[in-house]
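Peer 1: After the structure tokens below, expect a handful of questions from me.
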Amino acid sequence: MGARNKAFSGSARPSRLVSKEEFQNWFKGGSRFPLAIKGHTFALSRDGLVKVDGGKFIYEEALQLVGMLNSRNPISQLNASLIIWERNGVLRFVVIALLVIVAAAVLVIARR
């Protein structure tokens, strides 16, 4: 029982690999505690969705994210992070910030 609590508690290390079976057990068990996977926090919301860093995902999407984050392929891990960032609004903020920086650079160059 102690090993189970350690694996599913919010104090799990961010770099810990969580298998799909562990994720399924966590989801079906309705745990109140968040699950940390590769620097992302998975938590169950009251409406039955999985919140990943604030973005809401259905169970199947969250299960795919777990597989992508656990992959040895860094491109797959990056894709999972981009999907999470897009869903929780961070990616939109980054794109807008980059556009502002590019626009400011264009204005500085145009005034010379």
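Throughout, read-outs are computed from the coordinates displayed, never taken from laboratory work. Predicted model, so just to flag it, every value in this text is computed and none were measured. FYI the Cβ positions are ideal-geometry reconstructions off the backbone, even for glycines, and counts take in every protein chain you see.
Peer 1: Say each of F33 and K56 gets a label point 7 Å from the Cα, pointing the same way as Cα to Cβ; how far apart are those two points in nm?
Peer 2: Each label point lies 7 Å from its Cα, and together they span 2.6 nm.
Peer 1: For L44, which sequence-distant residues (separation of 5 or more, or a different chain) have an amide H within less than 5 Å of its own amide H, given hydrogens modelled in the peptide plane?
Peer 2: K51
Peer 1: Have a look at F33, F57, V108 and report the one farthest towards the positive end of the charge dipole of the range 2-111, computed about the Cα centre with Cβ charges (Lys/Arg +1, Asp/Glu -1).
Peer 2: Positive-end residue among those listed: F33.
Peer 1: Please find the FRET efficiency linking Q64 to V100, where r is the Cβ-Cβ separation and R0 is fixed at 25 Å, and quote it to the nearest 0.05.
Peer 2: That pair, Q64 with V100, gives E of 0.15.
Peer 1: Straight-line reach from K20: which aspartates and glutamates have Cα under 16 Å away, leaving out those fewer than 8 places along the same chain?
Peer 2: Partners within reach: E60, E61.
Peer 1: Please state, rounded to one decimal and in Å, the Kirkwood hydrodynamic radius that the chain gives when every pair of distinct Cα atoms enters the mean of 1/r. List each step's numbers first, then the result.
Peer 2: Details: mean 1/r = 0.0644 Å⁻¹.
For the chain, inverting the mean 1/r across all distinct Cα pairs yields 15.5 Å.
Peer 1: Whole-Hz Karplus ³J(HN,Hα) for the range 35-46, in order, using 6.51 cos²θ - 1.76 cosθ + 1.60 and θ = phi - 60°, x for Gly and Pro?
Peer 2: Using θ = phi - 60°, the values come out as 10, 9, 10, 6, x, 10, 9, 9, 9, 7, 9, 5 Hz.
Peer 1: What are the ³J(HN,Hα) couplings of the range 22-27, residue after residue, when phi is run through the Karplus curve with 6.51, -1.76, 1.60 and θ = phi - 60°? Round to Hz, x for glycine and proline.
Peer 2: My calculation for the range 22-27 gives 4, 5, 4, 5, 4, 5 Hz in order.
Peer 1: How high is the relative contact order of the range 50-106? Use alpha-carbon pairs under 8 Å, at least six apart in sequence, and give a whole percent.
Peer 2: About 29 percent, as a whole number.
Peer 1: While we're here: Counting only C-alpha contacts under 8 Å and six or more residues apart, can you give the relative contact order of the chain as a whole percent?
Peer 2: 18
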